[in-house]
Structures are given as C-alpha cells and as structure tokens.
Amino acid sequence: MAISQCHKKKSLYVVICLSEKIIIEHMQRYISGGKIDRKPLTQLSKIVPYNSKQIYNLWVNKLDPNLCLLSDIPIASYERDYIYEWVEQQIDANVKKISWKTLQTNMKEKFGKLRPRNDLKNIWSARKKYKKNQKNQTKRVVNCENEIDPLNFPMSDDFNSLFFQPTETEISTTTPEVENNMILDDFEWALDFSYLE
C-alpha cells in the first residue's frame with residue numbers, strides 16, 4: 001500500500017512539473033508572439049489539469065520568469081515600507097478592494113523588481129496581524145492594571161528580610177523575645193545544609 005501511495009505522489013509531482021513547464025513555454029510563446037491569441041489561459045486549461053484562474057494565479061505568483069521571489073531575493077525594508085504606506089493610503093481613501101496588481105506594477109516601476117502578488121498580500125497581512133496583536137496586548141495590560149493592584153513588597157537590606165519575618169498574627173500574640181527566637185530559628189534553618197550530605 002505504501003509503495004502505491006509513494007508512486008502516486010511521484011506521478012502527481014511529475015504531472016505538476018510537466019504542467020508548469022507547459023504553462024511557462026506556452027505563456028512565453030504567447031508574450032513573444034505579440035499576444036495574438038485572446039484566451040491563452042483557456043487553451044492551456046484544456047492541456048493541463050488546472051482551470052484558467054489557477055493557471056493565472058500560478059503565472060503571476062510563481063511561474064513568470066520575471067518575478068523576484070522572496071526565496072531568491074528577500075524584500076528590502078524600503079520595499080516593505082512602501083507596501084505599508086501604499087495600502088494604508090488605499091484604506092484611507094476608502095477603497096473597498098485593494099488592487100494588488102496596481103501595487104505590483106507600481107513597485108516594478110519604482111524599484112525595478114516584479115514581486116509576486118501573494119508576497120505583497122502576505123507582507124501586508126503579517127503587518128495587519130502584528131498590529132492587531134499589539135492592540136490586544138495593550139488592552140490586556142490596561143485591564144490588568146485596572147483589576148489588580150500593584151504589588152508592594154517590603155524589602156530590607158539585612159538578613160531579616162521578608163522571608164524571615166513572622167506573620168502579623170504571630171507578632172500580635174508573641175513577646176519581643178519570642179519574636180527574636182522565631183527569626184533566629186528561621187535564619188538557622190535557612191543556613192542548615194545538612195540535608196545536602
């Protein structure tokens with residue numbers, strides 16, 4: 001059973017690789033031939049096991065040889081900043097649907113690199129998620145400050161610090177001599193290392 005599944009995966013991988021090769025060759029002929037055919041994706045969908053929309057997404061996000069993929073050339077900080085500014089301008093202008101194609105062409109003109117549209121969307125989505133998480137954390141901190149009083153620990157510099165002090169009930173029921181003995185007993189216990197032997 002495992003052998004047949006492995007064989008199926010290999011054959012599927014071969015089909016995908018061949019399909020991608022066919023798409024690249026067909027699209028390059030289409031572009032270099034002056035774009036005579038009006039529906040190259042429809043014709044391709046008859047040859048490869050993808051519909052025209054899937055072929056288009058493959059082409060603009062992975063297969064176009066002009067693309068600068070993130071795996072090849074990481075995105076620079078100035079490109080990232082440009083994406084953030086451009087999308088925020090679109091949001092401020094109340095654009096209902098962000099045109100990633102327009103952003104892609106603007107970046108190609110400005111920086112000379114054709115980035116995949118999915119990469120542009122992913123960069124923006126990561127930023128959006130980061131801002132949302134920051135906002136939620138700020139709300140949590142504010143809520144915690146309102147709900148919980150800050151802890152004030154009395155600390156002293158000597159050995160008789162908080163850990164060796166008797167509780168308030170013990171202090172009210174004991175004499176000063178007993179208090180000192182209690183403190184010394186606790187202190188001696190803290191210095192007793194016989195349990196390590």
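The values are calculated or read from the model by the stated rules, or taken from the named source; none is laboratory data. Bear in mind the structure is a predicted one, so any value in this text is a computation, not a measurement. Cβ placement follows ideal geometry from the backbone for every residue including glycine, while neighbour counts extend to all protein chains displayed.
What's the total number of residues in segment 1-21 that are at pLDDT below 85 and within 21 Å of Asn66 (Cβ to Cβ)? Full working, then the answer.
Kept after step one, since they are at pLDDT below 85, are these residues of segment 1-21: 1-20.
Subset that is within 21 Å of Asn66 (Cβ to Cβ): 17, 19-20.
Qualifying residue count, segment 1-21: 3.
Among what's in segment 57-73 and is more than 23 Å from the chain's Cα centre (by Cα) and exposed (fewer than 14 other Cβ atoms within 10 Å of the Cβ), pick the residue that is nearest to Phe111 (Cα to Cα).
Residue satisfying both the conditions and the ranking: Asn66.
If you scan segment 26-54, which residues turn out to be at pLDDT 85 or above and either among the acidic types (Asp, Glu) or not in a helix (DSSP H, G or I) (or both)?
Val48, Pro49, Tyr50, Asn51
For the structure I just gave you, tell me whether Glu79 is charged (D, E, K, R) and without any contact (Cβ under 8 Å) to a residue 12 or more places away in the chain. Give the steps one after another, and end with the answer.
Working: charged (D, E, K, R): yes; without any contact (Cβ under 8 Å) to a residue 12 or more places away in the chain: no.
Taking the combined requirement at face value, the residue does not satisfy it.
If you check every pair at least six apart or on different chains, which have Cβ atoms under 6 Å apart with a residue in segment 86-102 that is not assigned by TED's automatic domain parsing to the domain that holds Asn57 first and a residue that is part of a helix (DSSP H, G or I) and polar (S, T, N, Q) second?
Close Cβ pairs (under 6 Å, with a partner that is part of a helix (DSSP H, G or I) and polar (S, T, N, Q)) amount to Ile98/Gln90.
Could you go through segment 74-87 and let me know if any residue there is surrounded by fewer than 15 Cβ atoms within 10 Å (Cβ to Cβ) and within 30 Å of Val15 (Cα to Cα).
yes
Could you give every pair whose Cβ atoms fall below 6 Å, whose first residue belongs to segment 52-65 and is within 16 Å of Asn122 (Cα to Cα) and assigned by TED's automatic domain parsing to the domain that holds Cys17, and whose second residue is among the β-branched types (Val, Ile, Thr) and surrounded by 16 or more Cβ atoms within 10 Å (Cβ to Cβ), counting only separations of at least 6 or pairs across chains?
Listed by first residue and then by second, the contacts come to nothing, as the list is empty.
Mind counting the residues in segment 92-104 that are over 18 Å from Asn57 (Cβ atoms) and exposed (fewer than 10 other Cβ atoms within 10 Å of the Cβ)? Break it down into steps so the answer makes sense when it comes.
Step one: list which residues in segment 92-104 are over 18 Å from Asn57 (Cβ atoms), which gives 92-96.
Checking the rest, the ones that are also exposed (fewer than 10 other Cβ atoms within 10 Å of the Cβ) come to 92-94, 96.
Result for segment 92-104: 4.
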